[in-house]
Amino acid sequence: MAATHTGPRHPKGPPTTAAAQQAAPFLAALLDSTVGAKVLVALTGLGLVGFVVFHMIGNLKVFQGPDAINAYAYFLKHSLGSLIWIARGSLLAIFVLHLALAVRLQARSRAARPVPYQFPGSVQATAASRTMLWSGAVVGLFVLFHLAHFTFCWVVQVEVAPGQFKSYLELTDAQGRHDVYSMVVAGFTTPWLVALYTVAQVVLFVHLLHGVQSSFQTLGLKNRRFAPVIRALGFLAAFTVLAGNLAIVFGVMLGWAPPVYK
Ligand code: HEM
């Protein structure tokens, strides 16, 4: 049934429906309430975990050879039409919402307790959320670096022949597609990049280890009966991402994906 218009008619714009008028204050109240913000941090966090797992599975194609990963990257960027921009926009929005709400929740909880606990070690929730903010900040900085490295390709160049350098963006394969394979191989045959990615993956593991469980708890799924299952799920998700990403970093470093340039 069509929504009926009961509100005032704006002289310049289309009439706002009663549903829209009710939704705006609801969204504002949801974002403003502590419980609403916690639920949104949990949901956006789980969404980001989904992206990281999906991204890792796609990147493992590096071990199937240049054609597999280059075709996959080409498909994502050029065959999905506007869907890829909708996905990128949603990912960015989810990321910003997750970060902004988490920072605000932390600031509110500090403001609500200006005097620190007498025995900080015994207050698990506070210690965990403090770690979450720091590990989250490191992961956020890593994502910025990672975009500069693999998406905008500003960080390093590849030596394609002795004394001849190319930007990652100029690497193409025999079919003229962006050579994502060579880009990843160039990345993880560079020792300082291996070290940086390794540290970032360990911090991401720490963030996910607590984050996944805590999201389920916020969503009310971690009761006494399911607590061990939720703990196991949180560990499994965090460990799978760590193992998959480090397999790419060290696998490439050890030559499991041999260079096709040079
Ligand atoms: C060893 C681990 C990783 C590898 C090998 C890797 C590889 C890549 C590559 C090759 C690209 C560029 C794809 C292209 O231009 O076609 C990319 C983009 C990206 N990566 Fe990663 N990545 C890793 C970990 C991560 C992690 C942990 C995150 C998030 C926490 C992440 C977030 C992103 C984002 C947001 C993009 C941009 C996607 C887009 O352009 O739409 N990556 N990654």
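Of note:
- Using only side-chain charges placed at the Cβ, +1 for Lys and Arg and -1 for Asp and Glu, the dipole size of the chain relative to its Cα centre rounds to 1040 debye.
- Between 0 and 90°, nearest 10: helix 34-59 axis offset from the chain longest Cα axis: 20
- Cα-centre dipole for the stretch 149-262 with unit charges at Cβ (Lys and Arg positive, Asp and Glu negative), debye to 20: 680
- Of the trypsin sites (Lys or Arg not before Pro) found in the stretch 134-231, those in coil by DSSP whose Cβ has at most 11 other Cβ atoms within 10 Å are Arg224, Arg225.
- Compactness index (Cα Rg / 2.2 N^0.38 Å), the chain: 1.25
- Spin-label pair Glu170-Thr190: with each label point 7 Å from Cα along the Cα-Cβ axis, the two points sit 1.5 nm from one another.
- Scattering profile of the stretch 126-190 at q = 0.12, 0.15, 0.24 Å⁻¹ [log10 I(q)/I(0), Debye over alpha-carbon scatterers]: -0.43, -0.57, -1.00
- For the chain, the longest principal axis of the Cα atoms and the long axis of helix 191-218 meet at an angle of about 30 degrees.
- Computed from the C-beta positions of Ala28 and Phe152, the FRET efficiency with R₀ = 25 Å rounds to 0.10.
- 12 Å beta-carbon shell around Tyr72, net charge (K/R +1, D/E -1): +2
- Rel. contact order, % - alpha carbon contacts under 8 angstrom, at least six apart, the chain: 23
- Efficiency of FRET from Cβ geometry, Trp85 and Asn223, R₀ 41 Å, rounded to 0.05: 0.50
None of the figures in this text is laboratory data; all of them are computed from the coordinates on show. Here the structure is a predicted model, which means the values were calculated and not measured. Positions of Cβ are generated from backbone atoms using ideal geometry, with glycine treated the same way; all protein chains shown enter the neighbour counts.
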